[in-house]
1. For the structure I just gave you, tell me whether A:Q90 is open to solvent by less than 20 Å² (accessible area, probe 1.4 Å), farther than 17 Å from A:G214 by Cα and either away from chain B (no Cβ under 14 Å) or not hydrophobic (A, V, I, L, M, F, W, C) (or both).
2. Of the residues that make up the range A:224-233, is at least one touching a strand residue (DSSP E or B) at 6+ places or on another chain (Cβ under 8 Å), more than 14 Å from chain B (Cβ to nearest Cβ) and modelled with pLDDT of 85 or more?
3. B:V174 passes all but one of (1) away from chain A (no Cβ under 14 Å); (2) of a type outside the set (F, W, Y); (3) in contact with a Pro (Cβ under 9 Å, 6 or more places away or on another chain); (4) touching a residue at least 60 places away in the same chain (Cβ under 8 Å); which number fails?
4. Open to solvent by less than 40 Å² (accessible area, probe 1.4 Å), part of a helix (DSSP H, G or I) and out of contact with any Pro (no Cβ under 9 Å at 6 or more places or on another chain): is that true of B:L148 in this structure?
5. Please find, among B:Y231, B:Y197, B:Y247, the residue that is surrounded by fewer than 15 Cβ atoms within 10 Å (Cβ to Cβ) and within 30 Å of B:W106 (Cβ to Cβ).
6. Restricting attention to helices (runs of 4 or more DSSP H) lying wholly within the range A:162-229, give those where 2 or more residues are touching a residue at least 24 places away in the same chain (Cβ under 8 Å) and either of a type in the set (G, A, S) or in contact with a His (Cβ under 9 Å, 6 or more places away or on another chain) (or both).
7. For the range B:278-310, which positions are within 14 Å of chain A (Cβ to nearest Cβ), open to solvent by less than 50 Å² (accessible area, probe 1.4 Å) and modelled with pLDDT of 80 or more?
8. Give the residue that is most open to solvent (accessible area, probe 1.4 Å), with candidates limited to residues of the range B:26-70 that are of a type in the set (S, T, Y) and in a loop (DSSP other than H, G, I, E, B).
Amino acid sequence: MTTWEIFLQQLFNGLLVGSFYGLVAIGYSMVYGIIKLLNFAHADIYMSGAFAGLIILGFLNPYIGNQWLGIIVALLLSMILVGLLGVAIQRVAYRPMLKAPRLSILITALAVSMILYNTVLLMTQGQYKPFTTGLTHESFYIGALRMTETRLVLLIAALALMLMLHLFITRTMYGKAMRAIALDRDTCQLMGINVYKIIAITFFVGSALAAAAGIMAGVYYGTVHFFMGFLIGLKAFTAAVIGGIGIIPGAMLGGLLLGLLEAFGTQIPFIGSSWRDVFTFVFLILFLIFKPNGLLGRMESERM
Amino acid sequence: MAEKKQKKFTNPFGTVVESLYDLFDKKAPRYLLMTIMTAFLIYLPLSSSRFTQEIMTNLFFYVVVCLGLNIIVGFAGLLHLGYAAFFAVGAYTTGILSSVYGVNFWLTLPFSIIAAVIAGLAIGAPTLRLRGDYLAIVTLGFGEIIRLTVRNLDITGGAMGLIGIQRPVLFGIVLNQITHFYYLFFILAVIAIIVSYRLHDSRLGRAWEYIREDEDAASAMGINVVQIRLYAFIIGSAFGALAGSLYAAKMTAISPESFMFIHSVMILLAVVLGGMGKIPGVILGAIIVTLIPELSRDIGQFRLIIFAVLLLILMLYRPQGIWPERQGISTKL
């Protein structure tokens, strides 16, 4: 392959993986923006989404097959299911802790994460499960870029979900309420906004997007396992920090950027793919030192 | 800042436990009990099986790492999710120096502490300036990175790990029996407890408590918040590294899988369960976390789910832990 071809290929890979990161990062960023909680369970919600999709697809397979139609129906169903799971977690573990010391709510988040993770670990006996789909893997060329139908559809779907979310946040009353609560929760309550309802909706949307990312990753990689959330959770958080945590377009931008950085970073000699995750992390530290507010973030002065 | 509510101290265990806690807070009964405990623990290996000694050694080890993490989480109120990484830094420093370069075990200890201080500075200095939540995720990431790094490097033996770490020699005796390590870890645990108490009662300890309770007020009183927090982070890391070095000497072989995220979580669990910041509470937490799995091996894989549910319920209904610090009411990040 020529350098140009490698460049194009890595560009596409980076965008695709980056869009998964972006979808997960949005959930971190939304929750952080609205209740200032670092939701450790989010990575496990992503993983649960992938498994929910796998199970639903298994049920649907005899009726509508496991090609695009089946995958889309499974995607929508598991987005709803996992969204509700997110709301339930919020209700049980986070809502009673909103007024508690910050350390306590971080620890309940950790506990929820452990419960989800270990439940799936027990159910799957720690094995990799094949994510079987009826999709073809024939490749074709766009210019010098080799690609498959699956990968193209996944990228478009991920970008479409991001666009829909952006419209939801900027054009609807709920989105407006979310942004208002992120600015000042107490005042919102005085203005008659049902704060708890909006927080529940935020968790629903964030969890549903993470589930979508989980299923897409399942389709893309062909396997799912209980451990899949851990690293992507870390990376999605990095993406959220890069873009400016609490800022939703920032999370999308951060995800895509991180995907590209990884794709090109592993092409640098001496770094290689076994150091890919270390590379991401070093990047997180650098960002925290030099630009802790992220690319799109503003300097915030803390009010007393 | 607006939503600072202080929970009133309530004890569901009733007044009996409460008065026992009160009794222990008085000096005379505490010293009496501690003397009896010490005497019993010194005597124990003379009349117990290797299995008991093994469990007790493991318990002492947990007491040391939990007290180390307690300095960071309990005293300074910083959430640390990668403590096993610092423990790995110590274990690998000793392991490499001992098995590759043939350095005497005792001489590797200062290097292990230096390595932990450097790692602590590298992680702590950039993140402690920011909001506390960043520290949680960065330490979580650091834990994973250390594991990946020791797996990728040649000098650390890759995924196979290091073997052939020399046994320490003390007064001409090669420490190779479980009884030797029982006493070694016992002494280390006693030192850790004394150091913890001394730190807690020191000027530094008071500064930690002040920052934990009200960062802004502490800052206004002229406490350098970042620096004082960094001290907690580094001292806690050094505790972990020291324990890791001794662990390497006991095991004589270490691999990346000994330092996984789950170990960091179990140590954190012990600290939170027992009562953050309260030294006897943390020791109690360490006892619960090490002994319950030993006593209930049958439930096996459900263990972690049960622990996680326990942690959730505890946080919802008794966020101070089983044996909490009396005056310190809110632990704010």
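1. Values: open to solvent by less than 20 Å² (accessible area, probe 1.4 Å): yes; farther than 17 Å from A:G214 by Cα: yes; either away from chain B (no Cβ under 14 Å) or not hydrophobic (A, V, I, L, M, F, W, C) (or both): yes.
So A:Q90 fits the description; yes.
2. Step one: of the range A:224-233, the residues touching a strand residue (DSSP E or B) at 6+ places or on another chain (Cβ under 8 Å) are A:224-225.
Those still in the list that are more than 14 Å from chain B (Cβ to nearest Cβ) too: A:224-225.
Narrowing further to those that are modelled with pLDDT of 85 or more: A:224-225.
Yes, the range A:224-233 has at least one match.
3. (4) is the only condition that B:V174 fails.
4. Values: open to solvent by less than 40 Å² (accessible area, probe 1.4 Å): yes; part of a helix (DSSP H, G or I): yes; out of contact with any Pro (no Cβ under 9 Å at 6 or more places or on another chain): no.
Judged against the criteria, B:L148 is not a match.
5. Values: B:Y231 fails: surrounded by fewer than 15 Cβ atoms within 10 Å (Cβ to Cβ); B:Y247 fails: surrounded by fewer than 15 Cβ atoms within 10 Å (Cβ to Cβ).
None of the others qualify; the one that does is B:Y197.
6. Details: elements: A:173-183, A:185-190, A:195-221.
In the range A:162-229, the matching helices (runs of 4 or more DSSP H) lie at A:195-221.
7. Correct list: B:G285, B:V289, B:I305, B:A308.
8. Step one: list which residues in the range B:26-70 are of a type in the set (S, T, Y), which gives B:31, B:35, B:38, B:43, B:47-49, B:52, B:57, B:62.
Then drop every residue that is not in a loop (DSSP other than H, G, I, E, B), which leaves B:48-49.
On the way: B:S48: 32, B:S49: 60 Å².
If we take residues in the range B:26-70 being of a type in the set (S, T, Y) and in a loop (DSSP other than H, G, I, E, B), then B:S49 is most open to solvent (accessible area, probe 1.4 Å).
The values are calculated or read from the model by the stated rules, or taken from the named source; none is laboratory data. None of these values were measured; they are calculated from a predicted model. Note: ideal-geometry Cβ built from the backbone for every residue, glycine included; neighbour counts use all protein chains shown. We work out accessible area using only protein heavy atoms, side chains counted, and drop any ligands, DNA or RNA first. Shrake-Rupley method; radii C 1.70, N 1.55, O 1.52, S 1.80 Å.
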